[in-house]
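Heads up, the thing below is written out as structure tokens.
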Amino acid sequence: DPACQYRSRISAFTELDRKDVLLTVAGKIYQPHDAVKCMQAGADFVTLGRVAIVHYDHPQQIAQNSSFKPEIFLVTQAHLRQEGLSGKFIDYMSS
């Protein structure tokens, strides 16, 4: 549909009559400004995915150092073990 070509994905949900259902968003939320952008677009809260897997303490890291840059791509299995991931989950993340 050409009318939806430049529409944001989040707007497809924020424009619905969701009654009392809260809207959470996830995906590529790495820095505080990413979360703020989602909230300003109408999300009720954001969910961290990959960044929280790679850095279990990501929110605390950001709170302590606003310029913290998470390692989100090409991390080693040793890094994942250090972050507390199990061997099976590391195998899954490797695939």
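Miscellaneous remarks
- Normalised radius of gyration (Cα atoms, divided by 2.2 N^0.38 Å) for region 32-88: 1.27.
- Partner lysines whose Cα lies under 23 Å from the Cα of K69, excluding those fewer than 8 positions away in the same chain, are identified as K28, K37.
- For the chain, the Kirkwood hydrodynamic radius from C-alpha pairs, put into Stokes-Einstein at 37 °C and a viscosity of 0.692 mPa s, yields a diffusion coefficient of 213 µm² per second.
- Summed over qualifying helices (DSSP H, 4 residues or more, each -39500 (n - 2.57)) and divided by its residue number, the chain shows a 222 nm mean residue ellipticity of -10500 deg cm²/dmol.
- Our summary gives the chain a relative contact order of 21 percent, counting only alpha carbon pairs under 8 angstrom and 6 or more residues apart.
- Euclidean distance between Cα centres, region 17-31 to region 59-75, Å: 21
- Full extension of the segment from T76 to M93, taken as 0.36 nm per residue of separation minus the current Cα-Cα distance, would add 5.1 nm.
- In sequence order, calculated HN-Hα J values of region 39-52 (Karplus, 6.51, -1.76, 1.60; Hz; x Gly/Pro): 5, 5, 7, x, 5, 7, 7, 10, 10, 8, x, 3, 4, 7
Readers should treat all values here as calculations from the given coordinates under stated rules, not as data from a laboratory. Note that the coordinates shown come from a computational prediction; the quantities given were computed from them, not determined experimentally.
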